[in-house]
Amino acid sequence: MFRRILASACLCATLAMQTSIAEEAVDPETLFSEAMKYRNNGELFRAIEIFETILNNQPGLNRARLELAISYHLTRRYEDAKQQLTQVLNDPETPDEVKLSITAYIAQLSGDIKTAAERNTSSFYLSLGGFSDSNINLGPGKDIQDIDPSVVENSGSGGQFMFSWSQRSRASQALHIGQSIVDFEWLTQATAYSKAYASGDSNFNLSVLTLNTGPALIAEDKWRTAFNIKLDRLYFGNDAYATYVGINPFYTYSIFKDLEITFENTTTARDYDQQVDQGLRGTMTSWSMDLAKFYAQQSIGIQAGVRYHDNGAKDGYQHYTGAEAYLGGQMPAWKNARTYLTLSSRDYRYKASDTNAGFTEKRDETEYMAILGVSHDFRSGALKSWTLNAQYSYTDNKSNLTEFAYDRSIFELSMRRYFF
């Protein structure tokens, strides 16, 4: 993009470029070609060194100065880029058509300088909707509460709400790590979530208050990494339920264009309020690796991965480990709409049998889940900027103990919006 704006400028400036000087040990044209080769290969800092060497020896070579300005721009050295462009612009030998191109480029550069100065950005997210659940007695899921084999399957419905605030703070100057231009950011998010059942089923209501914060390093189109610190406060039924404190580091690397690999860890210390739940106390961990591939200018995406999980519960009959495999994808459905599908299989291998409940065998389970959804973005009218999302999820839990085998269907409908 930057090259396109100044292409004609560099071409015209070549006409003003002095011929090689006999006493120079290295031909400046050779150095120039070498610098362009380095830059085209992504080695921006090496290219800058060579352009600066050329100009130290022959400061009148405006072609090299313009390419140096572009290189400075690409490495976020905006003021240095502007200084080089201004020097060529003020040179009386610079042709008028070149000056016109430089003026347009400086205008774009000034916009980038203004954007870089906006170090802090905030946004809000709101989601409101309803749901129906074919098996509410299972509660919010095994990761939060274990299954009670004595309960009878019962359906229910209700409403859910989520509100979050996000803050992104970026350092004023980019970092130079290896040959990468890296942005340092600090991300913070506070979220309130509530899922409430109707028809007197309040014992299954779930509310969660969450705070995430931590640093991130982003090398555009190359890699990104973050280290999140997370605090959750959970309320289940009509009581305070648990406090979670954890970390969530991850690293994503672009193997090549539109293909990424991500490594992620989640480690969470769980502390429960009620005496009856103390057996679930412990440190829950998960390790995952997944690949994401995008097609058609990233309008179509496929993701596949594997994960190992360990809930670290204190009591052996509630402590499980296992592996998970998942496959998902998303694609356009119709104008301004997208559809998505996720399939997963997750194993639960329990460490001990629940002899207090009369079981002599350890639980061995596999949970199969399918999630199908579609979202539509409203681009005009009273609902402009809102998104309507409909989602259906089906869970089939296979267990060696029939008391723990179940299936579950949940349908959700919600309206969502970001406020910037």
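The values are calculated or read from the model by the stated rules, or taken from the named source; none is laboratory data. Everything quoted here is computed from the prediction, not taken from an experiment. Quick reminder, even Gly has a Cβ in these numbers, built from the backbone with ideal geometry, and neighbours come from all protein chains shown.
Please pick out the residue among Thr86, Thr75 that is touching a His at 6+ places or on another chain (Cβ under 9 Å), among the polar types (S, T, N, Q), assigned by TED's automatic domain parsing to the domain that holds Glu29 and surrounded by fewer than 21 Cβ atoms within 10 Å (Cβ to Cβ).
Among Thr86, Thr75, only Thr75 is touching a His at 6+ places or on another chain (Cβ under 9 Å), among the polar types (S, T, N, Q), assigned by TED's automatic domain parsing to the domain that holds Glu29 and surrounded by fewer than 21 Cβ atoms within 10 Å (Cβ to Cβ).
Among the numbered criteria (1) among the basic types (Lys, Arg); (2) more than 19 Å from Gly141 (Cβ to Cβ); (3) crowded, with 16+ Cβ neighbours inside 10 Å, which single criterion is violated by Lys335?
Here Lys335 clears every test but (3).
Restricting attention to region 219-238, does a residue exist that is of a type outside the set (Asp, Glu), touching a residue at least 40 places away in the same chain (Cβ under 8 Å) and outside any strand (DSSP E or B)?
yes
Counting only residues that are of a type in the set (Lys, Arg), give me the strands (runs of 3 or more DSSP E) lying completely in region 85-186 with at least 1 of them.
Once the strands (runs of 3 or more DSSP E) in region 85-186 are filtered for at least 1 residues that are of a type in the set (Lys, Arg), what remains is 156-170.
Yes/no matrix, rows are residues, columns are (1) surrounded by fewer than 13 Cβ atoms within 10 Å (Cβ to Cβ); (2) among the aromatic types (Phe, Trp, Tyr); (3) under 30 Å from the mean Cα position of the chain (by Cα):
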| residue | (1), (2), (3) |
| --- | --- |
| Lys82 | no, no, no |
| Asp96 | yes, no, no |
| Glu118 | yes, no, yes |
| Gln145 | no, no, yes |
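Which of the residues that make up region 127-143 are exposed (fewer than 15 other Cβ atoms within 10 Å of the Cβ) and under 30 Å from Asp271 (Cβ atoms)?
Listed by number, the residues that qualify are Gly141, Asp143.
Testing Leu109 on (1) surrounded by 14 or more Cβ atoms within 10 Å (Cβ to Cβ); (2) modelled with pLDDT of 95 or more, one condition comes back false. Which one is that?
Result: Leu109 fails condition (2) only.
Pick from region 275-311 the residues that are on the phi > 0 side of the Ramachandran plot and in contact (Cβ under 8 Å) with a residue 12 or more places away in the chain: which of them is surrounded by the most Cβ atoms within 10 Å (Cβ to Cβ)?
Only one residue fits best here, namely Gly282.
Within region 379-420, which residues are among the aliphatic types (A, V, I, L, M) and within 17 Å of Gly158 (Cβ to Cβ)?
Ala390, Ile410, Leu413, Met415
Check region 245-262 and report whether any residue there is over 30 Å from Gln173 (Cα atoms), in the same structural domain as Ala304 (by TED's automatic domain parsing) and either out of contact with any Lys or Arg (no Cβ under 6 Å at 6 or more places or on another chain) or free of Cβ contacts under 8 Å to residues at least 12 places away in the same chain (or both).
There is at least one residue in region 245-262 that is over 30 Å from Gln173 (Cα atoms), in the same structural domain as Ala304 (by TED's automatic domain parsing) and either out of contact with any Lys or Arg (no Cβ under 6 Å at 6 or more places or on another chain) or free of Cβ contacts under 8 Å to residues at least 12 places away in the same chain (or both).
Which residues, counting only those in region 245-264, are more than 14 Å from the chain's Cα centre (by Cα) and in a strand (DSSP E or B)?
Residues satisfying the conditions are Val245, Gly246, Ile247, Ile255, Phe256, Leu259.
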